[in-house]
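Below is one structure, written out as structure tokens; the observations come after it.
No value in this document is a laboratory result; all are computed from the given coordinates. Computed from a predicted structure; not experimentally measured. So basically every Cβ, Gly included, is an ideal-geometry build from the backbone, and we count neighbours across all protein chains shown.
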């Protein structure tokens with residue numbers, strides 16, 4: 001796409017979506033594989049097209065086009081990716097005992113979700 005990017009609007013979309021998800025700049029940066037200062041530069045309108053655009057979009061659960069130009073929106077898959085990034089950001093503050101308890105809960109939820117999937121090649125009835 002060769003459209004011109006409005007750096008300020010782009011930065012505002014990043015900041016607004018990050019806030020909507022309850023992510024700090026540091027959490028978004030970690031989820032996207034970059035530094036917090038990079039997120040701050042984007043949000044302040046100093047960056048037109050970051051190298052980690054796809055990673056930022058995935059962490060925020062939006063499309064590249066929405067971030068850059070305000071086109072299209074979020075998808076269910078992208079929303080789930082954003083939630084995973086949010087959870088990953090919170091994990092760093094948990095102690096070992098809490099992590100073990102959480103792992104048990106995640107195992108339970110994963111098995112429950114797996115059991116609700118339709119068989120391969122079929123549809124859920």
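So what's the angle, to the nearest 10 degrees on a 0 to 90 scale, between helix 76-91 and the longest Cα principal axis of the chain? Here the helix axis deviates by roughly 80 degrees. Sorting 116, 41 by the number of Cβ atoms found within 10 Å of their own Cβ, with the fewest placed first, yields 116, 41. In terms of its C-alpha gyration tensor, region 4-60 has a prolate overall shape, because the principal axis ratio a/c (a ≥ b ≥ c, square roots of the eigenvalues) is not below 1.5 and a/b outweighs b/c. Over the chain, the ratio between the Cα radius of gyration and 2.2 N^0.38 Å evaluates to 1.25.
Each Cα pair under 8 Å and six or more residues apart adds its sequence gap; the mean of these over the residue count of the chain is a relative contact order of 23 percent. Here the relative contact order of region 2-47, from alpha carbon pairs under 8 Å that lie six or more residues apart, stands at 51 percent. When 14, 39 are sorted by how many other C-beta atoms sit within 10 angstrom of their C-beta, beginning with the fewest, the order is 14, 39.
Ordering 91, 60 from the fewest to the most neighbouring beta carbons within 10 Å gives 91, 60.
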